[in-house]
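Novice: Pasting in a structure now, in structure tokens, and then I'll have a few things to ask.
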Amino acid sequence: MPTRALLTLALLLSSGICIAQNEKSPSAPALPKDIPSFDVDAIDKSVEPCMDFYQYSCGTWMKNNPIPPDKSLWGRFSALSEHNMYILRDILTEAPATQTPTETMVRTFYASCMDESTIEKKGTYPMKDELDRIAAVNSKADLIKQIAHMHRNSTPALFSFYPQPDLHDSANTIAFLDQGGLTLPDRDYYVKDDPKSVETRKTYQEHVERMFKLAGDSPDLAASEAKTVLAIETALAQASMDRTLRRDPKTRDHKMTVAEITAAAPNFQLAEYFSESGAPKFSALNVANPDFFKKVNEQINGTSVADWKIYLRWKVINDYAPTLSKAFVEENFLFNGKYLSGQQEIEPRWKRCVRATDTNLGMALGKLYVDRTFGAEGKERTEKMVKAIENAMQKDVGQLTWMSDTTKKKAYEKLNAIVNNIGYPDKWRDYSSVVITADDYAGNSVRAGAFEVARQYKKIDEPTDRKDWTMTPPTVNAYYRPPMNDINFPAGILQPPFYGKAMDDAVNFGGIGVVIGHELTHGFDDQGRKYDAEGNFKDWWTPEDAKAFEERADCTAKEYSSFTSVKDDKGEVKLNGKLTLGENTADNGGLKLAYMALMDTIGSTPVKPIDGYTPRQRFFLSFAQIWCQNVTDQEARKRVLTDPHSPGRWRVNGAVQNSAAFQEAFGCKAGQPMVSANACRVW
Ligand SMILES: [Zn+2]
């Protein structure tokens, strides 16, 4: 499952992902039918399971489910997200005689997003205040104040600033300064020289130019502005650390006093920034990438105030674009959706507005979603499965031959300390201070973004709030957080195809069971293993055991680096086994743990085959079918650079070719593709 990504501002504070389009009628189609947990019709029987298990499990599904024009990736996983979206749409469009303040707020937000005629009339007006402020910037001191102002409104620029638990004292949350300021999805887009990267930068520059023109600039001016933006961002990218390197917490561990970082990068005028940021006063912080600040320090000096103003102006236009008139929305889609991801059409307006409401007021909308869909029994049955999988992990660690008893004892401590959060937070967020009005979609998004930034800043120099969720309840996803040592399963994922009330144990353990095992394993992957039971970055391994782990992890990294993600006329792209190491380790570990838990549950009593498959076979098929997907080449290319997860095909085939239990269940023989000659096994 996706990531235990530490929150980044980009993710956390985006002020609305609403990308608009023309839509004749606001009425949307009815809720599609439920997604089956186990789909015999998805199977392609013309393929041998031991030759290509992903193709066997998903081949017919892939043939019958092409990517809808408004998506760049379509899988059974995304079909569930789509299903949830219809439920949210219903919640947001009902108009009962009386409603709670929460209902009024989310419905007003949604309606403001749907009101395209008001949005159209306003044109660029929603950005006016912000652009006027940038126009008034006269010095580098003004510049840093303006960046603080933009950050407060959740508009990213130049670097990032956010709270995180102290790496060495996770009970306390402190301020983090970090690299940032790019617009393309990764630094590699700016620094690589292959023809595709060169083409992407050229296309990006043309897009920036068109956006400046839409904002009212003359063609000549817009062309030179776009050049300036690309030059500034390229320099920021050159100062940025590679995503793969950043996986190791050691590379991000630099506690400094405010005086120290201010002296190391004086041109940032950080004292000014902090006092304007609205964050509480603090004397020490963690600088995740000090080199970035040192290098960009020179850039601040060497770039004129006029050029910095162009860059800030771009960051505002880009951030506001999805909430503005049709021309902005379309241009934004043509580059980010169509060119970068291969999506043919923009999503219908209502879907974008549901997403925007979830992004901006997700814990309010989430409460309504939970009231409607998730009963107490949902929480209970998930807790039971989590327990079963935790027991399996306890047993699995006990059986490891490469780990000493000393390290095992510490591993048990960590396992027993993991906190399970299921469904939704204990306490609902109070958004009552956010002003939401019917005729101001862009303003609503900015105010909701600013509310979230202020809420985050309040965490600085306070005890860590371990109960604060980072995903909203309708989300079809799950996560592990190393500094919290917790696993979290939003209500949105606890339904078919992951969990079906009427399904046999084999299918449910292959679905949500593997997800639970996956999240647990994250506590012990290449990153997670470096944090202790309390969530501190602390080495609890004997040197020999650490070495044995690294050797095993290295096997997995090499194995996945040999898998191809895309092969088209632009060339062949292989997976980055080091970037995806944690997720691949979790996929392999999760599959093993869930299988062990299933065996404990069904015991040795013979169970009759269902649909012609034994329980063991159903377990592996259920797991594989979660990942049935079709993806555009463009999206696949983007993900290789940015996504720590492998694509569906390799999440399945990579894990089963390392699994003796799978090979036994399907009678695979040595030499067949689904039997790795050099099976990699960490957990
Ligand atoms: Zn994961």
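The values are calculated or read from the model by the stated rules, or taken from the named source; none is laboratory data. Bear in mind the structure is a predicted one, so any value in this text is a computation, not a measurement. Cβ sites come from the backbone with ideal geometry, for glycine too, and all protein chains shown count toward neighbours. In case anyone asks, the SASA skips ligands and DNA or RNA and just uses the protein heavy atoms, side chains included. Shrake-Rupley method; radii C 1.70, N 1.55, O 1.52, S 1.80 Å.
Novice: Give region 191-250 a look and list any residue that's more than 24 Å from D307 (Cβ to Cβ) and among the β-branched types (V, I, T), or say none.
Specialist: Scanning region 191-250 gives a single hit, T244.
Novice: Test each condition in (1) within 18 Å of I67 (Cβ to Cβ); (2) surrounded by fewer than 21 Cβ atoms within 10 Å (Cβ to Cβ) for P673 and report the one that comes out false.
Specialist: Tallying (1) within 18 Å of I67 (Cβ to Cβ); (2) surrounded by fewer than 21 Cβ atoms within 10 Å (Cβ to Cβ), P673 fails exactly one: (1).
Novice: How about region 225-271: which of its residues are of a type in the set (D, E) and surrounded by fewer than 18 Cβ atoms within 10 Å (Cβ to Cβ)?
Specialist: D242, D248, D253, E260
Novice: Can you tell me which residue within region 273-298, out of those that are surrounded by fewer than 17 Cβ atoms within 10 Å (Cβ to Cβ) and polar (S, T, N, Q), is nearest to Q146 (Cα to Cα)?
Specialist: Per the stated criteria, the residue is S275.
Novice: For region 535-550, state whether one or more residues are at positive phi and open to solvent by less than 30 Å² (accessible area, probe 1.4 Å).
Specialist: Yes.
Novice: Would you point out which residue out of T228, T251 is in a helix (DSSP H, G or I), in contact (Cβ under 8 Å) with a residue 40 or more places away in the chain and β-branched (V, I, T)?
Specialist: T228
Novice: Residues that are under 28 Å from K501 (Cβ atoms), open to solvent by less than 10 Å² (accessible area, probe 1.4 Å) and out of contact with any strand residue (DSSP E or B) (no Cβ under 6 Å at 6 or more places or on another chain): which helices (runs of 4 or more DSSP H) entirely in region 349-449 hold 2 or more of them?
Specialist: 349-373, 376-399
Novice: What is the one condition in (1) open to solvent by 40 Å² or more (accessible area, probe 1.4 Å); (2) assigned to a helix (DSSP H, G or I); (3) free of Cβ contacts under 8 Å to residues at least 24 places away in the same chain that A222 does not satisfy?
Specialist: Among (1) open to solvent by 40 Å² or more (accessible area, probe 1.4 Å); (2) assigned to a helix (DSSP H, G or I); (3) free of Cβ contacts under 8 Å to residues at least 24 places away in the same chain, the lone unmet condition for A222 is (1).
Novice: Of all the residues that make up region 396-433, how many are under 24 Å from the mean Cα position of the chain (by Cα) and not acidic (D, E)?
Specialist: 12
Novice: Can you name the residue in region 452-492 that is in contact with a Ser or Thr (Cβ under 9 Å, 6 or more places away or on another chain) and among the β-branched types (V, I, T) and is also nearest to Y531 (Cα to Cα) among such residues?
Specialist: So the residue we want is T464.
Novice: What are the pairs, 6+ residues apart or on separate chains, where a residue within region 581-602 that is among the acidic types (D, E) has its Cβ under 8 Å from a residue that is away from the ligand (no atom under 16 Å from the Cβ)?
Specialist: D600/A388; D600/N391; D600/A392
Novice: While we're looking at this one, here's another question. Could you identify the single residue in V47, V137 that is open to solvent by less than 10 Å² (accessible area, probe 1.4 Å), outside any helix (DSSP H, G or I) and β-branched (V, I, T)?
Specialist: V137
Novice: Restricting to region 560-583, give me the number of residues that are more than 16 Å from the ligand (Cβ to nearest atom) and open to solvent by 20 Å² or more (accessible area, probe 1.4 Å).
Specialist: Residues that pass the stated criteria total 12.
Novice: Sort out which residues of region 60-117 are among the acidic types (D, E) and either buried (at least 19 other Cβ atoms within 10 Å of the Cβ) or part of a helix (DSSP H, G or I) (or both), and write them in order of number.
Specialist: If the condition is that a residue be among the acidic types (D, E) and either buried (at least 19 other Cβ atoms within 10 Å of the Cβ) or part of a helix (DSSP H, G or I) (or both), then E82, D90, E103, E116 are the ones that fit.
Novice: So, in region 323-348, exactly how many residues are over 22 Å from K121 (Cα atoms), in a loop (DSSP other than H, G, I, E, B) and open to solvent by less than 10 Å² (accessible area, probe 1.4 Å)?
Specialist: Within region 323-348, residues that are over 22 Å from K121 (Cα atoms), in a loop (DSSP other than H, G, I, E, B) and open to solvent by less than 10 Å² (accessible area, probe 1.4 Å) number 1.
Novice: Please go through (1) surrounded by fewer than 23 Cβ atoms within 10 Å (Cβ to Cβ); (2) of a type outside the set (F, W, Y); (3) modelled with pLDDT of 95 or more for K608 and return the number of the only condition it doesn't satisfy.
Specialist: Status for K608: all satisfied but (3).
Novice: Take region 443-489 and flag every residue that is basic (K, R) and more than 16 Å from the ligand (Cβ to nearest atom).
Specialist: Across region 443-489, the qualifying residues are R447, R455, K458, K459, R466, K467.
Novice: Do we have any residue at all in region 575-595 that's among the aliphatic types (A, V, I, L, M) and part of a loop (DSSP other than H, G, I, E, B)?
Specialist: For region 575-595, residues among the aliphatic types (A, V, I, L, M) and part of a loop (DSSP other than H, G, I, E, B): present.
Novice: Tally up the residues in region 584-624 that are under 19 Å from Q663 (Cβ atoms) and either under 24 Å from the mean Cα position of the chain (by Cα) or within 16 Å of the ligand (Cβ to nearest atom) (or both), please.
Specialist: Going through region 584-624 one residue at a time, the tally reaches 12.
Novice: Now, a different point. Do we find that G500 is in a helix (DSSP H, G or I) and touching a residue at least 24 places away in the same chain (Cβ under 8 Å) in this structure?
Specialist: Spelling it out, it is not the case that G500 is in a helix (DSSP H, G or I) and touching a residue at least 24 places away in the same chain (Cβ under 8 Å).
Novice: Would you mind telling me which numbered condition in (1) under 27 Å from I626 (Cα atoms); (2) away from the ligand (no atom under 16 Å from the Cβ) G511 fails?
Specialist: Only one criterion is unmet by G511, namely (2).
Novice: Give Y190, Y125, Y162 a once-over and let me know the one that is farther than 30 Å from W540 by Cβ and open to solvent by less than 40 Å² (accessible area, probe 1.4 Å).
Specialist: One residue alone meets the criteria, Y190.
Novice: State whether one or more residues within region 532-542 are touching a residue at least 60 places away in the same chain (Cβ under 8 Å) and in a helix (DSSP H, G or I).
Specialist: Looking for residues that are touching a residue at least 60 places away in the same chain (Cβ under 8 Å) and in a helix (DSSP H, G or I), one finds none in region 532-542, hence no.
Novice: Quickly run through region 596-610 and pick out the residues that are among the aliphatic types (A, V, I, L, M) and outside any helix (DSSP H, G or I).
Specialist: V607, I610
Novice: Scan region 463-483 and report the pairs whose first residue is more than 18 Å from R429 (Cα to Cα) and whose second residue is part of a loop (DSSP other than H, G, I, E, B) and away from the ligand (no atom under 13 Å from the Cβ), with Cβ atoms within less than 7 Å and a gap of 6+ or a chain change.
Specialist: As it stands, the answer is Y479/T470; P482/G535; P483/G535, since those pairs meet every condition given.
Novice: Right, here's the next one. From the list I487, I516, exactly one residue is modelled with pLDDT of 95 or more, assigned to a helix (DSSP H, G or I), β-branched (V, I, T) and closer than 22 Å to E413 by Cα. Which is it?
Specialist: On the way: I487 fails: assigned to a helix (DSSP H, G or I).
After applying the criteria, what remains is I516.
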